[in-house]
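Inspection log for the structure reproduced underneath, given as structure tokens.
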Amino acid sequence: MPAHSTSRHVIGEHRNAMQSALLVWFEGVRTARNMPWRKPFDGHATPAGRAQRAYEVWVSEIMLQQTQVATVIPYFNRWMESFPTVKDLAASDIDTVNQLWKGLGYYSRAARLLAGAKKVVEELGGRLPDNARDMQASMPGIGRYTAGAICSIAYNEQVPVLDGNVTRLLSRILALHAPPKAKATTEILWDGAEALVKDCDRAGELNQSLIELGSTVCKPRDPACGGCPVKAWCQAYRIAHNKPEADLADIEDGCTLCAPVPLEHAARAPPVTAYPMKTERKKQREELDMVHVVEWRRESERWFLLVRRPDAGLLAGLYEFPTQPNISVDEPAASAPHLLPLLAGLLIRVPDGLSAKAPKDAAGLRLAKTYSAGDVKHVFSHIIKTYRVVWAVLEGDEEGEGPPALKLEVQDPRENGGQGGKAKGKKGKVGPVKDASRKDGEETPPSAMWVRLADVEHANVGTGVMKIWKLVRALWDE
């Protein structure tokens with residue numbers, strides 16, 4: 001790349017013209033994608049009305065993280081029907097929230113919304129903060145971008161936004177070809193976003209125009225430069241079309257951050273898509289889990305065992321079939337060696353058919369059969385999971401009361417090599433049980449539960465578990 005001045009990476013004297021062009025363009029596309037959360041700013045709204053608007057924008061921004069607009073729209077509408085205000089959300093629970101979120105993915109987002117709503121009601125007077133600094137400092141899971149988006153759109157605060165779309169847009173406007181995660185790079189981009197929104201009396205609409213332009217016009221591939229309202233000030237567009245720029249007047253003003261831009265074959269100038277600088281994607285790690293779809297049956301009754309995942313981490317708070325994670329890739333799909341320790345941590349009594357040490361009064365509970373169902377692959381953003389699935393059928397009962405009794409306190413099978421915890425001597429129930437860590441009046445979902453055949457697909461489970469369920473269902477649906 002030829003030497004260039006650092007002034008290339010600054011929103012300068014054309015700021016006002018760019019603001020005007022962006023706002024005029026946004027007026028024409030505001031309703032194009034029918035986003036229910038996108039509404040004109042109401043300068044006459046009461047403080048309560050603006051706080052309600054902040055809640056709506058907050059929900060939409062969290063849902064839109066790593067998710068397409070078209071996918072989010074029906075989820076947003078259902079969410080607002082169920083939780084029209086932040087107080088309605090705060091009064092809910094994680095199982096209800098996860099059920100509404102089911103299928104949207106990245107479930108930790110739902111948990112953060114619930115935790116944030118409870119904090120707003122319990123500590124912040126029932127209203128989200130009206131400025132980005134306080135919002136970022138006091139709200140869980142809200143960073144600089146989300147705080148800026150909410151406060152500019154709901155409160156018209158002149159604060160910048162910088163998501164992936166705006167990063168790409170500004171990298172091209174400023175022809176910045178520098179390591180994307182470098183501190184100096186992000187500082188230049190934040191400065192550019194801040195310069196554009198500065199002194200703008202329609203800050204929320206200006207920021208929405210940047211996000212929309214990056215999403216629909218300044219796309220990663222095949223950008224529609226002909227329809228871009230700011231192409232006249234886009235340095236990447238100028239370079240791609242071999243338009244001259246001012247010579248570097250002072251060597252001390254030269255940019256030392258940008259890396260050389262690779263040219264395409266026989267190209268005279270780098271294309272607009274050369275910006276921002278590309279980075280190598282981190283390779284996804286691969287993991288193999290042994291999953292047991294444990295069924296208990298008696299005559300026409302069929303129940304299936306589900307275990308609740310921890311409240312933090314991957315698929316937080318969702319249910320799954322008993323799982324032994326990270327097994328060896330050479331592990332055969334044999335049930336008993338893995339099923340025994342899992343059931344020992346879940347059931348008060350272990351089936352006779354699995355252990356010679358099981359008590360004689362086990363009321364006939366036994367392992368009737370196991371069947372290797374095959375493998376299921378499920379891809380997360382950072383993990384490629386293979387689930388080795390075994391269908392295991394238990395028969396017999398305890399005193400005729402139904403499915404085998406569960407321990408009230410279930411140790412996560414991921415701990416201690418899947419050996420489970422000690423029995424508390426009480427029977428677990430299908431339904432919430434008291435947890436001493438909760439406040440009075442609060443309930444925690446059960447750590448494990450039996451679910452009827454017809455209800456499995458309606459439980460709070462992730463997409464990967466549904467793939468497993470369909471695989472096993474095929475064994476008896478054929």
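The values are calculated or read from the model by the stated rules, or taken from the named source; none is laboratory data. Because the structure is predicted, anything quoted here is derived from the model rather than measured. Here the Cβ positions follow ideal geometry from the backbone for every residue, glycine too, while neighbour counts run over all protein chains shown.
Below is a table of values for the structure above.
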item: Meets criteria (exposed (fewer than 12 other Cβ atoms within 10 Å of the Cβ) and within 28 Å of LEU174 (Cα to Cα)) for VAL69; result: no
item: Any chance ALA358 is modelled with pLDDT under 80, touching a helix residue (DSSP H, G or I) at 6+ places or on another chain (Cβ under 6 Å) and surrounded by 14 or more Cβ atoms within 10 Å (Cβ to Cβ); result: yes
item: Single condition ALA175 does not satisfy, out of (1) touching a Cys at 6+ places or on another chain (Cβ under 7 Å); (2) small (Gly, Ala, Ser); (3) at positive phi; result: (1)
item: Residue list for segment 172-209, restricted to those being surrounded by fewer than 20 Cβ atoms within 10 Å (Cβ to Cβ) and hydroxyl-bearing (Ser, Thr, Tyr); result: THR186
item: Residues satisfying the stated conditions in segment 211-238, i.e. out of contact with any Gly (no Cβ under 8 Å at 6 or more places or on another chain) and in a loop (DSSP other than H, G, I, E, B); result: CYS218, LYS219, PRO220, ARG221, ASP222, PRO223, ALA224, CYS228, PRO229, VAL230, CYS234
item: Criterion violated by LEU162 - all others in (1) under 24 Å from VAL230 (Cα atoms); (2) buried (at least 24 other Cβ atoms within 10 Å of the Cβ); (3) of a type in the set (A, V, I, L, M) satisfied; result: (2)
item: Tally, over segment 106-136, of residues that are at pLDDT below 95, in contact with a helix residue (DSSP H, G or I) (Cβ under 7 Å, 6 or more places away or on another chain) and part of a loop (DSSP other than H, G, I, E, B); result: 1
item: Top-ranked residue in segment 34-69 [being in a helix (DSSP H, G or I) and free of Cβ contacts under 8 Å to residues at least 24 places away in the same chain; ranked as farthest from TYR107 (Cα to Cα)]; result: GLY49
item: Where ASN98 falls short, out of the listed (1) under 28 Å from VAL307 (Cβ atoms); (2) buried (at least 23 other Cβ atoms within 10 Å of the Cβ); (3) at pLDDT 95 or above; result: (3)
item: Residues satisfying the stated conditions in segment 142-189, i.e. among the hydrophobic types (A, V, I, L, M, F, W, C), in a loop (DSSP other than H, G, I, E, B) and within 15 Å of SER215 (Cα to Cα); result: VAL161, LEU162
